[in-house]
Amino acid sequence: MSEKARPDRKVYVENRAKFLPEDLLPYADQWVAWSADGSRIVAHHPDLAEVARQVEAQGLEREDVVFDHLPLEGEATTLL
Amino acid sequence: MSLVFPYLQVARGRPIVSLAGKVHRPRPVIGVTILGPAGAVPYDGLLDTGADDVLFPEDVAALIGIDLTNAPQGTASAFGHGGLLVRYAEATLRIADNQERREWRAWVSFAPVVRRYALLGFAGFLQYFTATFYGDREEVELTVNGLYPGT
C-alpha cells in the first residue's frame, strides 16, 4: 500500500477555515473528498464508494484526499 | 517525541457568543487514516475523552474492505441514538505530524449512522497516549505511553 507524505496539517486547517457553512450547503448530506491541503472539494456524492471512484478517476489515490460527510446544514456549527 | 496537531477551525460565519465574538469554532479534530485489506481512508477524527471506543461510519468499513457480517456487536448511546448497534473489527489506525508517524492495530466500532467526525475515544486510541489539550494555543499534543502497541 502506498504511503505519501501529506501536506502540513496547519495548511489543511487554514484552508478549511475559509469555508463558511453556506459554502458547503451544495454538498449537504453528502460524502465529500477534500484536497489534502483543504482548499477544495475534489469529489462529492451521497455514496462514499462513488466518491472514492471519482477520486481515482481523477488520477488521485485515496490518500491524496480527506474523506468527510457533511451534515444537512452544510456544517455543524455547534457540537454538544 | 510527541505529535502536535492544530485544532480544526470551523467557520461559523458570525460571532460566537460563547467565544467572545470569535468567528471560528476550534475543535480538537485531527487527521487519522484507517486502513484495511482494501486500502486506506484518511478522515478527520474528534479526540473525545468522553467516548469509550473509536467509532467510524459503516460505509468506511466497506470501503477499506472490512466485512462486518459476522462481527462482534454491541450497543452504544451516541449523538441522540440510544441503543445504537455498533459492530467491531480490527483495523489499522495511523496518525502523523511533520515530525512523527504512529501506526497501530485497534478494535474499531462501526455504526450505521454518520456523524460529523470519527470519534477517537479511549479503547484503541486515547488509552495509548498522554493527551495534552492546549486551550490557549488551540493545539493538542499526543505522546505515546507504555501501552502503545504499534510502530
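The values are calculated or read from the model by the stated rules, or taken from the named source; none is laboratory data. Remember, it's a predicted structure, so these values are computed and weren't measured experimentally. Methodologically, a virtual Cβ is constructed for each residue, glycine included, from the backbone with ideal geometry; neighbour enumeration extends over all protein chains shown. With ligands, DNA and RNA removed, areas are computed over all heavy atoms of the protein, side chains included. Shrake-Rupley method; radii C 1.70, N 1.55, O 1.52, S 1.80 Å.
General observations
- Portion, in percent, of the accessible area of the stretch B:3-144 that falls on carbon or sulfur, probe 1.4 Å: 49
- Area of residue B:129 that stays accessible when all protein chains are in place (1.4 Å probe, Å², to 10): 10
- Considering all different alpha carbon pairs of the stretch B:3-144, the Kirkwood hydrodynamic radius works out to 16.0 Å.
- Shielding of B:7-17 by partner chains, average beta-carbon count, 10 Å: 5
- Shielding score for B:45-51, defined as the mean number of other chain Cβ atoms within 10 Å: 0
- Structural size metrics of the protein assembly as shown, computed from C-alpha coordinates, are Rg and Dmax of 16.8, 50 Å.
- Contact order normalised by residue count of the stretch B:3-144, Cα under 8 Å, 6+ apart, percent: 28
- For residues of B:35-41, the mean tally of beta carbons on other chains within 10 Å: 4
- The GNM of chain B, with springs linking C-alpha atoms under 10 angstrom apart, assigns the highest mean-square fluctuation among B:50, B:65, B:21 to B:21.
- Rounded, prolate or oblate (a/c below 1.5 giving rounded, otherwise prolate when a/b exceeds b/c) for the stretch B:1-70 by Cα gyration tensor: prolate
- Protection proxy ranking, peptides B:22-33, A:10-21, average beta carbon neighbours within 10 Å, highest first: B:22-33, A:10-21
- Just so you know, the Cα atoms of the stretch A:9-69 work out to an Rg and Dmax of 11.1, 29 Å.
- Normalised by the number of residues in chain A, the average gap of Cα pairs under 8 Å and 6 or more apart makes the relative contact order 36 percent.
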